[in-house]
Amino acid sequence: MFGEIINYFNYVMEYEYMQRAFLTSVIVGIICGAIGCFIILRGMALMGDAISHAVLPGVALSYVLGINFFFGAVVSGVLTTIGIGYISQNSRIKNDIAIGIMFTFAFSIGIIWVTLLKSSTDLYHILFGNLLVVRTSELWATFGIGVFVLVMIYLFYKELLVSSFDPTMSAAYGLPNKMIHYLLMILLTMVTVASIQTVGIVLVVAMLITPAATAYLLTDRLWIMIYLSSGFGALSSIVGLFFSNRFDLDSGATIVLTATSMFILAFIFSPKQGVLWRSIKSKSTKSLARG
Amino acid sequence: MSNAIHVEDLHVSYHGNIAVKDVSFKLDAGNLLGVIGPNGAGKSTLIKAILQLIPKDNGQIMFYDKTVKEIRKQVAYVPQRNDIDWDFPITVLETVLLGTYPKIGMFKRPKKSDKEWAYECLKEVGMEEFYKRQIGELSGGQQQRVFLARALAQKAELFFLDEPFVGVDLGSEETIINILKQLSSQGKTVTVVHHDLSKAESYFNKLLLINRELIGFGSVHEVFRPEIMEKAYKGQFAFMKEIGVSV
Ligand SMILES: Nc1ncnc2c1ncn2[C@@H]1O[C@H](COP(=O)(O)OP(=O)(O)O)[C@@H](O)[C@H]1O
Ligand SMILES: [Mg+2]
């Protein structure tokens, strides 16, 4: 096994396309992990899934207009966010219902446009990722998005923290909660776009919430949670890529399964939240009570 | 002199259901106001609408003759306890530190002096030894004291607390009310939502009684009278007499 890991790193060093795949997926792991913390703390997992699907028509339209699909994706992501907000604020329709309606709508349009304008193969690659064809320019774009997203989190950390924890207080002292929400949605669409090649649209949500949830089980401090979550995201990418290579499996799936494995470990062994220690603790308190 | 809070003709509804109807009152600085009324009477709605955290259908609200926008940084708000996610990864000290955010400004981080101030505020409520705890690992009374410390950290002029005594032990309740009385004696204006009639008389110097409509507003001895309370609590009032709540 150890030898195989060495081989894997040699292989990555040797082939440029592997280097690009490796770096891209590590960056994606980091930024998904960081943004994901705010997604889960705000109870927006469904929204994360929705927005990632909703970028599809934007991507399709960008092909036609010949622009970078990044711009199309952000536009369709933000339009969907606005649509969801509009429906839930102006009717008795609850937020999760509005999300369900809007994102399946956008996603369906996207499926039709991509297959009409490009091909089913392209659709497949957008939906499930295709790490082995990452171009250098795309690696740089991912890097740029990564830096931008992390800088925004750094700059707005205070505002993101207080509006996630106690939105009523932040509104009471004058923070524009809505703007912060839209900022987060924009960052989310950017992260989704960056993730298209690595895990694909369908599985982005796993990269957003699984490493963050793992970190959530291990710490009581937000900033530590962000570091841990980014670390788990990056590690999932590295390990997942290894298995994808070694057994010739779809990289998106192996990356997500690696992230899930880490979650399961934390779920069982986390010192404070893990089910194992909890059951040991409750047993020992019971025996104390008996004795 | 201008009133600390001046509400005129306030109406609020949720999707067409009226929650607060035709409320007007004026409150001077330095008062400790109890907003009382039965469950679902619109107390939370009233203070949220006063602070324009939710849209109103009609009405005018001024603070010291200014609009809410102009005095936002002078407002400290303590939410109802079930509005808070107690599993959030945040410690006691970090929670109190949030109180310094309004005056720190965008892109800046709290400084050492802010942290020391937050710690001072924790001391004020007697919670300094728990500063490292995650906020979920406290009793209800301790949690409420931490949120009061956060409000103190804001160095605000206007304080709004939504049911701060729910799920709170007697010791904490006493600490909290003493601090609130102290604030009002320093000229701060404190508004407390409270649904329990017992003690309302000794806690507040002014009362606002609401059950969708404004039923009574004035000093405690003006409002805390059986015939007025009866109107707000209707059937519940006789019941409360039976179980021995003094009125
Ligand atoms: N977000 C909301 N959407 C719809 N109705 C609400 C909402 N919040 C409160 N209400 C309704 O408004 C009324 C007043 O609620 P509230 O102000 O919370 O009462 P109180 O704080 O006095 O218990 C209740 O009938 C409640 O069901
Ligand atoms: Mg209430």
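Of all the C-alpha pairs in the range B:11-79, what % are more than 14 Å from each other? For the range B:11-79, the share of Cα pairs beyond 14 Å comes to 63 percent.
Divided by 2.2 N^0.38 Å, where N counts the residues, the Cα radius of gyration of the range B:101-247 comes to 1.23. Using a Gaussian network model of chain A in which every pair of alpha carbons under 10 angstrom is joined by a spring, one finds that among A:229, A:251, A:88 the greatest mean-square fluctuation is at A:88. Proximity of backbone amide H atoms, modeled 1.01 Å from N, is registered between residue B:191 and B:33, B:159, B:160, B:161 at under 5 Å, excluding neighbours fewer than 5 places apart on the same chain.
Inter-chain neighbour count for A:172-182: the average number of beta-carbon atoms from partner chains within 10 Å of each residue's beta-carbon is 4. Across the range B:106-192, counting alpha-carbon atoms alone, Rg and Dmax equal 13.2, 41 Å. Compactness of the range A:72-230 was expressed as the Cα radius of gyration divided by 2.2 N^0.38 Å, which yields 1.15.
Taking the square roots of five times each eigenvalue of the Cα gyration tensor of the protein assembly as shown, the equivalent ellipsoid has semi-axes of 50, 28, 20 Å, listed largest first.
Highest average first, the peptides B:207-218, A:187-198, A:133-144 ordered by how many other beta carbon atoms sit within 10 Å of their residues are A:187-198, B:207-218, A:133-144. For the protein assembly as shown, adding -39500 (n - 2.57) for each run of n ≥ 4 DSSP H residues and dividing by the number of residues yields -19000 deg cm²/dmol at 222 nm. The Cα atoms of the range B:179-224 cover 31, 19, 18 Å along the three principal axes, with the biggest extent listed first. For the pair the range B:203-218 / the range B:54-95, the C-alpha centres are spaced 21 Å from each other. What separates the Cα centres of the range B:21-37 and the range A:32-52 is a distance of 40 Å. As a calculated quantity, the FRET efficiency between residue A:79 and residue B:13 at R0 = 41 Å, using C-beta atoms, amounts to about 0.90.
Taking B:120, B:94, B:129 in turn, the Gaussian network model of chain B (Cα-Cα springs below 10 Å) assigns the largest fluctuation to B:129. Each residue of the range A:30-45 was assigned a 3J(HN,Hα) from its phi angle through the Karplus curve 6.51 cos²θ - 1.76 cosθ + 1.60 (θ = phi - 60°); the sequence is 5, 6, 4, x, 5, 5, x, 4, 6, 4, 6, 5, 8, x, 10, 4 Hz, with glycine and proline shown as x. With contacts taken as Cα pairs under 8 Å and at least 6 residues apart, chain B reaches a relative contact order of 26 percent.
Remark on the range B:5-242: ratio of C-alpha radius of gyration to 2.2 N^0.38 Å is 1.02. GNM on chain A, alpha-carbon springs under 10 angstrom: the most fluctuating residue among A:128, A:165, A:22 is A:165. Per residue of B:87-99, other chain Cβ atoms within 10 Å of the residue Cβ number 5 on average.
Taking Cα atoms of chain A, Rg/Rh with Kirkwood Rh, to two decimals? Rg/Rh for chain A comes to 1.02.
Bear in mind these aren't lab numbers, they're just calculated from the coordinates by the rules spelled out. Predicted model, so just to flag it, every value in this text is computed and none were measured. Positions of Cβ are generated from backbone atoms using ideal geometry, with glycine treated the same way; all protein chains shown enter the neighbour counts.
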